[in-house]
Structures are given as structure tokens and as C-alpha cells.
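No lab work stands behind these numbers, since they all come straight from the coordinates. Since the model is a prediction, treat every value here as computed from it, not as a measurement. Ideal geometry is used to build each Cβ from the backbone, glycine not excepted, and the neighbour counts take in all protein chains shown.
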């Protein structure tokens, strides 16, 4: 039985961000510590409702401290994904049948449901390495490598970062650069954008392995404001080019008047889609700008961590993120940390529910909910404690809810009655164990 | 002459009110080290300072450590883990630190027999101890 | 689009101003006991941060932005 492995490519793209500088790779360095190893390990469960994605992962960050503020950090993450993900199709009052990603069989979405890719299983392995050392007394540089592999995606990345302290180390200016070279090896080859979803066994619109390159640049200033207040401001620039589509997602061909998906008759004797669908197509280039600010404020033992990020790109997506954490110590060895995160984004210019039958095909079209118009909120609580042998453990439980909406001008006819953007509800549970330091 | 500061411990826990008068050490070579319990490189500097004190005490070296913690209890906790075989003082008002111009933690000042500051060391790096020791020896050699 | 550019420009200006006004702010080297604490680092838990980045990158259109050092005990 062939392996159905088409979960969202975007999930794997996260490794590209892990290649980027900063916290993903290195432990917080306060000063030279005794030479030796310390380990930060975590177990994570992520689960969406309504039979959607579930993810289990184990991560390890091992750091070797050397004399004189030099560090080697090695990371390993293994992820196992199961479940189903929206394929870009829309709610209809009739059932819909789609050819599966493997091209070998079909799956059916019941009427009045959001069509989901049928179940799959995939495992991802990600590794990273980072070396940090001083350059003179007041400067420091980092260099790192990252790689990840899963069934249909390979990521390779390199990153470097330079920072310098000023004003008796009250001000730190940093600059970082990261390059990623990714290969998308979708099952049976990526489909050509905006071509129709074919019958089972028909691979005529496949164009094979695809590449994607990403350049990231970050410039940041960290400033000690007072004995109890630290702030940071970063500007990030990111440029992606190459194959940016999700090779498994489609956009429905809809009737110009009713807005319903246009039915299709499969070739006799062959299984295939019940309606007309085209594979999505995004631009082959994307430029993002972000500005991020963070403050950490100490209030007699309690710590408030507040951050804001604004992102804008040339796909017309704007987003705002506000993240708040409040660490509340309970005695010397335990703490409670509530967490609140607000997120909102506007849809991409080419985000659309369907492509109109009879009208010329647009240059780009995608119904991937990730590019849509939505708000999201995360509410969580973390509990941490120090063990008898001075190691640290923590557990956190969070709830994530995404609620989107299709702009009125982007839906018409019978689409308006249907729930075209169901809420996404997910639970995040993580257990961490930090030892050796 | 330098401001009076409170004597915290020599070399273990205890405190008496006494002034540190560096003038008392004229004729000796002094390593004056400013430290704090939260300063991680200080954990490595203490064993090294112990070694220097033992090695060159007879030649006239005196190591003096000045603590800049907010609370003496933090300093004492540190000294339990990293004992000092040299004098430790507590600069509660940070007057000495200000006068010497402590710009990094730890900072240590190499003072010659005539009382003048010959070298200033910002931070503590294991890679630099050889040179530091050579400078101490050179100063001990001269009269 | 023009609105977007204005917002971006305003934020970059704030960035430059913060930079310019930075030289007189801060604390003495010996006054960093609070900043040296683990819970006062910009990223207290790198694995948690990496996990969150991964999750939100997979579910949203934005990514990254954070990271970097600075703060801390300022030792050495």
C-alpha cells in the first residue's frame, strides 16, 4: 500500500524558520558557564479537532560549553504527523470526490463538510548545529547549519549572526543572515499550477521535483532600559523564490451564477474527481517585512514578557501578533506562567474560494486557509519546577483557536450560505526537562 | 586614599565593620577584584585567584575581592560554593566600584607596590590568565 | 498599499530613534543581578520558542521576527 504523505508543505517550511537566527537554535547565554554538557528536552502533542492534524514530537537541544564563552549546540527533532488537512475545496450541499495525492485512488468528502485530505502519516527529522564564540571582548558571532527531511520535502540551511555590545553592554546590535535551499518532492511530482485535478493514474500535469530558496535577514537592537526592564526591536526581511505552492491543494472551479462547484464526469472505467478542481498556484516569489518589539519587565520576582510583531508582504498579507506571558514564581522552585497570544491577518490578494468557470484563469489562486483572513487566539498555562537535583521541568497546556471569514466580495451565490471557513481548534501540550546545567 | 567600605568576610562567612584602606597595602602588589554572586565568570576566577594568592603570597602579592551584591547573603552563598583564601570586602554603597570605574563584571585591577593601577582586566577569560600571571610576576619582581 | 508603506516607515523610524536615544540608557555593570536571572532572558525556553514558531508557521502566514541576544548579566 502506498504511503499517502501529503500533509501541508507549510508544516515543513517551519524548518526554514528554524534555520533563522536566534532562539530556535541556541540556548540563552548569560555568561561563561562551567565547561560541560547541558540538555534541554521536550515532548510535544499538538492536536486539532474534527479529525484534523495531530502531531507528536520529541526534541533535544544539547549544548556543550567550552572555556571563554564558546558554545556548541546540537539539536534534533523528530515529528510524527497524522490526520487530515483541508485540501482547499469548499463546502457543498453534495458530496465531493477527489483524486488522492498519490494519484492511485480517490477519497470522498461528505456533503456540507469542509473537504479534508484523507488520512496520512508522515515523519519528519530535523537537525541543527550552531557554534558561538566571542570576537574580541564586545562582539560575538554565531554560525549554524540546519537540515530536515520528510517523505516529500528536504530542507538545507546555513545561517550566521554577528552582534556587538555598546554602552557597557547596555546596548547590543545584531545582524543575521540565513539561506535555505529546499526541495519539494511531491508524490509523483508537483502538479503544474492551475491545471485540473486528473483521474486516478493520470500524471500528465506533473512537473517533477521543485526547488525553493529563502533568504532571511534580521537586524536587531537590544537595550537595557533599567535594572528591571529589557527591550528589543528587530527588523526582518525575508525573500522566498521558487516553488511556493502547496502541491496538494486545489481550488474549485465554480459556476459563474450559483457559485457551486462545477460537476465533472470521470473517464469511463476510471476513478476520478466528481467535480472540476484546479491545483492552486501562487507567485514564485514572496517578500516579507517584519518589525518585532519585545519587553521583559521584572516586578519584584514576577516577570512580564510582552511582544508585538507586524508583518507585511507583497502577497498583500498584513498581520499583527501580540504575545503576553506572565511568570509568577511560587516559592523558590516553582512557577506558574499564564500565556495569551492574539493574532490577526488579512488574506492574500490571490486567496479565493473558487475560480469562475468560463472566465479567464487568474494568474494565481489559492484557497489555503493559511493565506486567508482570520483572527487567532492562544490561551495557555505553564507550570515549572526545579527538581531535587537542581534540574528543571515544566508542563504547559494551551488552546489555540483560529476563526476566519471570507471577505464578502470574495464569495457569491450559494457559497454565501455555507460555512466556508470553519474554526480551527487545537490543543498544545508540552512537557520539558532541562538537565545538566 | 579610598573610601571606607564594610568588611564582609575573610575568607568565610562573617561580618565586621571595618574599613578597607588600600593605603595599608603600599609596598605590596595588589590584585583588586570586583565580583558578584550572579556573575558566572566569577566562579572561574576564584580558584585562579586562590592559586595566585598561594603561589605569590611570600613574594608580596595580596588578592582582595570586593563584592557588589545587593545582599550580603547572596555573597555568602557564593562563597560557600567557591571559597576564597583571600580577603573579601563588601562595597554596599558601590563607592569603590564607582571610583575605580568598574565597567564589566568581574573587573580586576593590578596595583603596583607604589599604589598605582598598572592594569585593568575587564571580565575573566581562562585564555588570558597566563598573561595576567606574567604581569603579576613582573610587578612582584620590581621594587 | 500607501498605508502599509507609511506604517512600515513609522516603525523603522521608531527603530532608528530607539537606536539614537540608546546611548544614555542602561545600568552599571554591577547592577545587572536582575538581568542575569534566567527568567529575564529574551528567550527563556528555546525549545518552547522553536516549537511555537513551528506550530504558528504551519498554521499562519507569518513567521519568525524574534530572536537574538543582549541583556543578561553582561559579564566578561
- Given N residues in the range A:179-271, what is Rg(Cα) / (2.2 N^0.38 Å)? 1.85
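Using Cα-Cα distances under 8 Å and only pairs 6 or more residues apart, what relative contact order does chain B have, in percent?
Relative contact order of chain B: 32 percent.
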- Note on the structure: Normalised Cα Rg of the range A:290-423, dividing by 2.2 N^0.38 Å with N its residue count, works out at 1.48
- Per-bin percent of Cα-Cα distances, the range A:68-149 [5 Å]: 3, 12, 15, 11, 10, 8, 8, 8, 7, 6, 6, 4, 2, 1
- Message: When a/c reaches 1.5 or more, the comparison of a/b and b/c decides; with that in mind, is the range A:278-330 rounded, prolate or oblate per its Cα gyration tensor?
- Response: prolate
- Query: In peptide A:161-173, how many Cβ atoms from other protein chains are near each Cβ within 10 Å, on average?
  - Reply: 6
- Task: With springs only between Cα atoms under 10 Å apart, run a GNM on chain A and tell me which of A:269, A:83, A:281 wobbles the most.
- Result: A:269
- Task: From zero up to wherever the largest Cα-Cα distance of the range A:146-225 sits, split into 10 Å bins and tell me the percent of pairs in each.
- Result: 16, 28, 21, 16, 11, 7, 2
- Task: Divide the volume of the convex hull of the Cα atoms of the range B:6-141 by its number of residues and quote the answer in cubic angstrom per residue.
- Result: 97
- Spin-label point model (7 Å from Cα, Cβ direction): what's the residue A:158 to residue A:306 distance in nm? 4.2
- Task: Rank A:130, A:391, A:159 by mean-square fluctuation in a GNM of chain A with C-alpha springs under 10 angstrom and give only the top-ranked residue.
- Result: A:391
- Query: Taking a temperature of 37 °C and a viscosity of 0.692 mPa s, what whole-number D in µm²/s does Stokes-Einstein yield for the range A:9-435 with Rh from Kirkwood over alpha carbon pairs?
  - Reply: 139
- Item | Segment residue A:258-residue A:112, length gained on full extension (0.36 nm per residue, minus Cα span) | 51.0 nm
- Query: Which whole-number percentage describes the relative contact order of chain A, with Cα contacts under 8 Å and a sequence gap of 6 or more?
  - Reply: 14
- Compute the distance in nm between two label points, each set 7 Å from the Cα along the Cα-to-Cβ direction, one at residue A:270 and one at residue B:103. 7.7
- Note on the structure: The FRET efficiency for residue A:121 and residue A:401, from their Cβ-Cβ distance with R0 = 35 Å and rounded to 0.05, is 0.85
- Task: Determine, from the Cβ-Cβ distance of residue A:64 and residue A:202 and an R0 of 51 Å, the FRET efficiency 1/(1 + (r/R0)^6), rounded to the nearest 0.05.
- Result: 0.45
- Task: Please work out the FRET efficiency for the pair residue C:5 and residue B:26, using the Cβ-Cβ distance as r and a Förster radius of 56 Å; give the result to the nearest 0.05.
- Result: 0.25
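Taking square-rooted eigenvalues a ≥ b ≥ c of the alpha carbon gyration tensor, is the range A:76-211 rounded, prolate or oblate, where a/c under 1.5 means rounded and, failing that, a/b exceeding b/c means prolate?
It is prolate, given that a/c is not under 1.5 and a/b is the larger ratio.
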- So how far apart, in nm, are the two label points at residue B:82 and residue A:93 if each is 7 Å from Cα heading toward Cβ? 7.7
- Among A:115, A:191, A:35, which one moves the most in a GNM of chain A with springs linking Cα atoms closer than 10 Å? A:35
